[in-house]
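Novice: Could you have a look at this structure, given as structure tokens, before my questions?
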Amino acid sequence: MMKLSPFKLERYFAQYEFSVKYMICGSDCQSFTIQELLALEPSALERFQGHWLGYTESPGSPSLRQEIAQIYQTIASDQVLVHSGAEEAIFLFMHAVLSVGDHVIVHSPCYQSLFEVARGIGCEVTPWTAREENGWALDLDELRRSLRPNTRAIVVNTPHNPTGYLMAPGDFHELNRIAQERGIPLFSDEVYREAEHRPEDRLPSACDVSESAVSLGVMSKTYGLPGLRIGWIATHNQLLFNKMAALKDYTTICNSAPSEFLAELALRHRQTLVSRNLGIIIDNLSRLDEFFARHSERFVWRRPKAGPIAFPRLLGEDVEAFCHDLVTRLGVLLLPGTIYDDQGNHFRIGFGRTNLPEGLERLEEYLSHALK
Ligand SMILES: Cc1ncc(COP(=O)(O)O)c(C=O)c1O
């Protein structure tokens, strides 16, 4: 029986996410209502009301898969497997590829399921560590040194949760080359793709670069629609695709029909969604620059190049105690880095939502002498 440790981030959020006033550490962008989505097309409301609620096709509805395939350069709709969120896809990838005793290399720190599921299966996990002093970059020599004959997967996440790190194009191609040369599937978590602060910095998707890689995408982050619970993988790796599809019969069988409808609708207008959310990100980033410039004695701020999250360092006091005091006294939620087993006194801040300025004001109040 597989043993999974509690998901620290989920348990932390469970205490606060829906009760605090200023949640400024979310990793998703500003969401939309169903009404807003349906307003994107003149006949959408009528079509949604008439949408059939039977089981849907297990790999995802053909028209949704077609829409998702548009995100990639070389992917056909039958190379897209739709899941219930990115989370289900991570779980199924790990089970499709790994067995007890296998070795896996995972970008660290990371979203917990990217290493926890492998560990739960009984694999040995080597962290591939992003270091702040290197601008959170990954060292390819360290990857080469970590490879073993029984390494069965390499897991990378760029743009990165929690640091916002965007890999350099040369490194990304080299990473794909190394994985392909060794015959190791690269699991490329790209859930923050298309949220690059300068669109010209966008990396290609791993599935478009390598025949064996698997790209992970989702509606939740850049597009701001986590409540749909629609994620997917895209890959040319047919064997792996088939294994994941077979496992899906034991998890969710098929996706939610209303969610498939709304995800397809949203993706037809994904440039509109992305532009709105990128606008919020860019606006919030300049406020963060100013905020951290005003408080440079308290924080080390490293402006990320992509995504709606960053991982600043707190100076002079313990980050867990700081976050606890801040949420208790002012209802402002930041995420201490210890949730990621980070020992560097960092915290995650989220800036993809419109409530950031208000949350920052309260944080500033907290930092002022009146409350200390
Ligand atoms: C890097 C990364 N991968 C996967 C996920 C899971 O996405 P979802 O909640 O849509 O399943 C998250 C969510 O925070 C994430 O940050």
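Novice: Compute the signed sum of charges (Lys and Arg +1, Asp and Glu -1) over the other residues within less than 10 Å, Cβ to Cβ, of I90.
Specialist: Spelling it out: positives minus negatives among the neighbours equals -4.
Novice: Lys and Arg at +1, Asp and Glu at -1: add these up for the other residues within a Cβ distance under 13 Å of R193 and post the number.
Specialist: -2
Novice: Is the shape of segment 155-262 rounded, prolate or oblate, going by the alpha carbon gyration tensor and its root eigenvalues a ≥ b ≥ c, with a/c under 1.5 for rounded and a/b larger than b/c for prolate?
Specialist: oblate
Novice: Further question: Using a Gaussian network model of the chain whose springs link C-alpha atoms within less than 10 Å, name the residue from H103, H173, H160 with the highest mean-square fluctuation.
Specialist: H173
Novice: Now for a separate question. How large is the convex hull of the Cα atoms of the chain per residue, expressed in Å³ as a whole number?
Specialist: It is 137 Å³ per residue.
Novice: Enumerate the calculated ³J(HN,Hα) couplings along segment 17-25 in order (Karplus 6.51 cos²θ - 1.76 cosθ + 1.60, θ = phi - 60°), each rounded to whole Hz, writing x wherever the residue is Gly or Pro.
Specialist: Coupling constants for segment 17-25: 3, 9, 10, 6, 7, 10, 8, 10, 9 Hz.
Novice: Where q = 0.14, 0.20, 0.27, 0.29 Å⁻¹, what log10 of I(q)/I(0) comes from the Debye formula for segment 315-366, counting one point per Cα?
Specialist: The Debye formula, applied to the Cα set alone, gives -0.35, -0.71, -1.12, -1.19.
Novice: Quote the convex hull volume per residue of segment 129-175, based on C-alpha atoms, as a whole number of Å³.
Specialist: Convex hull volume per residue, Cα atoms: 82 Å³.
Novice: Sticking with this one: Under 20 °C and 1.002 mPa s, how fast does segment 277-346 diffuse according to Stokes-Einstein, given a Kirkwood radius computed over C-alpha pairs? Answer in µm²/s, whole number.
Specialist: 164
Novice: Evaluate the relative contact order of the chain (contact order divided by residue number), counting alpha-carbon pairs under 8 angstrom at least 6 apart; express in whole percent.
Specialist: Result for the chain is 25 percent.
Novice: Now for a separate question. In Å and whole numbers, how far do the C-alpha atoms of segment 1-61 stretch along each principal axis, longest first?
Specialist: So the three principal-axis extents are 44, 39, 16 Å.
Novice: Shifting gears a bit: Spelling out what I want: for every residue of segment 202-209, take phi, set θ = phi - 60°, compute 6.51 cos²θ - 1.76 cosθ + 1.60 (Karplus), and round to whole Hz; glycine and proline get x.
Specialist: Taking θ as phi minus 60°, the curve returns 4, 7, x, 7, 4, 5, 8, 9 Hz for segment 202-209.
Novice: Quick check: net charge around Q15, other residues with Cβ under 14 Å of its Cβ, Lys/Arg +1 and Asp/Glu -1?
Specialist: With Lys, Arg at +1 and Asp, Glu at -1, the net is -1.
Novice: Beta carbons within 10 angstrom, averaged per residue: use that to sort the peptides 43-50, 59-66, highest first.
Specialist: Going from most to least packed, we get 59-66, 43-50.
Novice: At 0.36 nm per residue, minus the direct Cα-Cα distance, what do D325 and A245 gain on full extension? Give it in nm, one decimal, please.
Specialist: The D325-A245 span can extend by a further 24.2 nm.
Novice: Arranged from highest to lowest average of other beta-carbon atoms within 10 Å per residue, in what order do the peptides 127-133, 145-151, 330-336 appear?
Specialist: Answer by packing, highest mean first, reads 330-336, 127-133, 145-151.
Readers should treat all values here as calculations from the given coordinates under stated rules, not as data from a laboratory. What you are looking at is a predicted structure, and each value in this text was computed from that prediction instead of being measured. Positions of Cβ are backbone-derived with ideal geometry, glycine not excepted, and every protein chain shown enters the neighbour counts.
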